[in-house]
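Asker: Take this structure, written in structure tokens, and hold onto it; I'll ask about it next.
FYI, it's all coordinate maths here, none of it is from the lab. Everything numeric in this text was worked out from a predicted model, so none of it was measured. Ideal geometry is used to build each Cβ from the backbone, glycine not excepted, and the neighbour counts take in all protein chains shown.
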Amino acid sequence: MFVSPARPEQQEKPILTNGIKIFVLLFFCLPFAILLLQSFSAGWQWPRLLPGTFSWRAWQSLSREPRMIPAISITLLIGLAVSLINLILGIPAGKGLAHYRFRGKSLVEAVFLLPLLIPTLAVVMGIHIFMIRVGLTNTVWGVILVHVIPTLPYTIRIFRHAFENLGSKWEEQAATLGASQLTIYRTVWLPLLIPSIHSALMLSFVISLSQYALTAIIGGGNVVTLAMVYFPYFQSSNRSVLACFTVIFALLPLSFYLLMYSLYKLFIRGPGHYRGC
Amino acid sequence: MRSLGLNNHKPYLLVLPALIFFSLFVLYGIGTVFAESLNLSLNTGSSIVKYYIELAEKPGFWSGLILSLQVSAAATLLSTIIGVYLARQFYRRVPDSIWHALAWLPMLIPHFAAGYLAVLLLSQSGWFSGLLAQVTLIQETSRFPVLVNDKNGLGIIVTYLWKEIPFVLLMSMPVYRRMDWRYEDVVRTLGGGQWQVFKTVEWPALLPVLVETGIILFAFIFSAFELPYLLGVTYPKMISVMAYQWFYEGSWSNRPLAMALMTVSTVMVLIVAVVLLGLIQGKRYRMMRGR
């Protein structure tokens, strides 16, 4: 089957086109705008559509929360470790599924899909006693390990698609030229996989950031991630302070992205000169 | 796809680390949950399914289960429908990637943070209620319907929609990019309209992806704890919140009940997955035989 890249001709219906854009703005973007306004508002009287006065007060009072900086550091650390473990386990698994046919492959695929089906809450309840026995409860390592459970299936998926799209010709060519396995990974796959590594890192980080129940059960209240601080705030704190806190949750993935970006700019020469091949 | 000999050990080495990780945690975990949900101290003469009987008699179990099913089914169906509609319109009418990026924004923040946005916008003293008051549709906050912390989980459903529509977009946009649009010309030449194009050209390509997305979403929403905990009510409680509280409370006496509840929800998710997968399997079979 030939796939024609041609996009179907667009009939001119500007009303619908604009309607879609307005929907995107109202449904997806407006909440962020209200959130930002709320975080800078000092007393927002119902039913006003804009806050009466703006101030830094809520941000200042959040900055006085002593658990904030340690919680952000531990959250970044856990997110970073979870993302790296995801790459280490996910890249080979994705390659194995994409480039090889082997006995028991459908069984392996099923096992890789299971964590998306079986409730992670159930899994964590099941391994709780085991984690106590091996001394991983109440530790950062224990939390990192359980955060890998809901993230790894997505990472494997991302790399499987990437390797399927790239094919195995690149590797064969490099091998023909006498490159070792390690050289192939470093010089062929790594640059080609940058976009997928990017997606996998971001997805793992955001999912890790979103865990409350898993962290509470395995961390036992000792591993205080940002989510652990946020939940008690949700019921008690004032609206503007909670808005600031929520803005931080949106800023963290963004700063993580920038951190990763500058890291691999430092260590890997960009994919630019491979593109021409 | 390289199909080397079956004796090659390379693919096994590649998948082994992830396989060990999942076996150690996921398979062992769910196995333990099932084992602990059974009453194995048979010396007292009590039934092996004692905890399941207890669970069925617990006040709030059935209403919680029904609520969980409603919320997950509604959020999954609606986000799939709206997500596919948006993907279709994006592909046909709004090709500029800046709009796609805007629609993906919600994926950046955790579910519970999105829950706070629901409070800001949809609660009785929220922004929308203020908007309605500005256009004099309501006079006081109490006239605005209870959408957050409501008994039917409406706030939870809307928040899931906000978070999952971008996910459906992410999954279905590639399908649109890969589609063979010459089929559309065929349909149009034969006099078919928009609906015919969607049904005969787009739907068959979308279906497998949508089934996969639907299963992932249903399984996730059915068992997620964070949003129902923050946006739910004390009664009825969604089952994930019930299980978490039984598991986490000081005394461990309710732990077997939590395990039984988690086993029930795992079985329900697996049933839904098998039914949905059966849908496309049957379809494939029909296509193989020439419909």
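Asker: Assigning unit charges at the beta carbon (Lys, Arg +1; Asp, Glu -1) and nothing else, what dipole magnitude in debye, to the nearest 20, does region B:60-151 show about its Cα centre?
Answerer: Dipole of region B:60-151, to the nearest 20 debye: 240 debye.
Asker: Roughly how tilted is helix A:68-99, in degrees to the nearest 10 and between 0 and 90, from the longest Cα axis of chain A?
Answerer: 20 degrees
Asker: For region A:142-277, what is the convex hull volume of the alpha-carbon atoms per residue, in Å³?
Answerer: That works out to 138 Å³ per residue.
Asker: Moving on. Given the rule -39500 (n - 2.57) for each run of at least 4 DSSP H residues, summed and divided by the residues of the protein assembly as shown, what is its mean residue ellipticity at 222 nm, to the nearest 500 deg cm²/dmol?
Answerer: Working: 27 runs with 392 residues, N = 568.
Per the formula, -22500 deg cm²/dmol.
Asker: Evaluate the relative contact order of chain B (contact order divided by residue number), counting alpha-carbon pairs under 8 angstrom at least 6 apart; express in whole percent.
Answerer: That works out to 26 percent.
Asker: What helices does chain B have that are whole DSSP H segments, at least 27 Å long along their own axis by Cα, and with mean Kyte-Doolittle hydropathy of -1.0 or more?
Answerer: B:61-93, B:154-178, B:203-223, B:255-288
Asker: Shape of region B:1-155 from its Cα gyration tensor (a ≥ b ≥ c, root eigenvalues): rounded if a/c is under 1.5, otherwise prolate when a/b > b/c, or oblate?
Answerer: oblate
Asker: Oh, and also: Would you work out which of A:Gly94, A:Phe231, A:Thr183 lies farthest towards the positive end of the dipole of the protein assembly as shown? Charges go on Cβ: Lys and Arg +1, Asp and Glu -1.
Answerer: A:Thr183
Asker: Could you state the orientation-averaged shadow area of the convex hull built on the Cα atoms of chain B, in nm² to one decimal?
Answerer: 23.8 nm²
Asker: Turning to a different aspect of this structure: Could you tell me how many cubic angstrom of Cα convex hull volume region B:131-211 has per residue?
Answerer: Dividing the Cα hull volume of region B:131-211 by its residues yields 165 Å³.
Asker: About its Cα centre, what dipole magnitude does the protein assembly as shown give when the only charges are +1 on Lys and Arg Cβ and -1 on Asp and Glu Cβ, stated in debye to the nearest 20? Before the final figure, lay out each step's value.
Answerer: On the way: 42 positive and 21 negative charges, 232 e Å.
Result for the protein assembly as shown is approximately 1120 debye, rounded to the nearest 20.
Asker: Could you tell me the convex hull volume per residue, in Å³, taken over the Cα atoms of region B:147-265? Numbers along the way, then the final one.
Answerer: Details: hull volume 14.9 nm³, N = 119.
Enclosed volume per residue, from the Cα hull, is 125 Å³.
Asker: How many angstrom separate the Cα center of region B:81-131 from the Cα center of region A:10-65?
Answerer: If we compute the Cα centre of each part, the gap is 12 Å.
Asker: To the nearest 20 Debye, how big is the dipole of chain A about its Cα centre, given +1 on the beta carbon of each Lys and Arg and -1 on that of each Asp and Glu? Write out the running numbers ahead of the final one.
Answerer: Details: 20 positive and 7 negative charges, 25 e Å.
With Lys and Arg at +1 and Asp and Glu at -1, about 120 debye.
Asker: Also, quick follow-up: To the nearest 10 degrees, how steep is helix A:105-117 against the longest Cα principal axis of chain A, on a 0 to 90 scale?
Answerer: 0 degrees
Asker: Distances over 25 Å make up what percent of all Cα-Cα pairs in chain A? Don't jump to the answer; show the numbers that get you there.
Answerer: Values: 23568 of 38226 pairs.
Roughly 62 percent, once rounded to a whole number.
Asker: Moving on to the next point. Put +1 on the Cβ of each Lys and Arg and -1 on the Cβ of each Asp and Glu in region B:155-291; which of B:Thr213, B:Met268, B:Gln196 then has its Cα farthest toward the positive end of the dipole?
Answerer: The Cα lying farthest towards the positive end belongs to B:Gln196.
Asker: Another question, if that's okay. Angle check, please: helix A:226-236 long axis (alpha carbons) against the longest principal axis of chain A (alpha carbons), in degrees 0 to 90, nearest 10.
Answerer: In chain A, helix A:226-236 runs at an angle near 30 degrees to the longest axis.
Asker: Show which aspartates and glutamates lie in cross-link reach of B:Lys151 when reach means a straight Cα distance below 20 angstrom and same-chain residues fewer than eight apart are skipped.
Answerer: Once the sequence-local aspartates and glutamates are set aside, what remains near B:Lys151 is B:Glu226.
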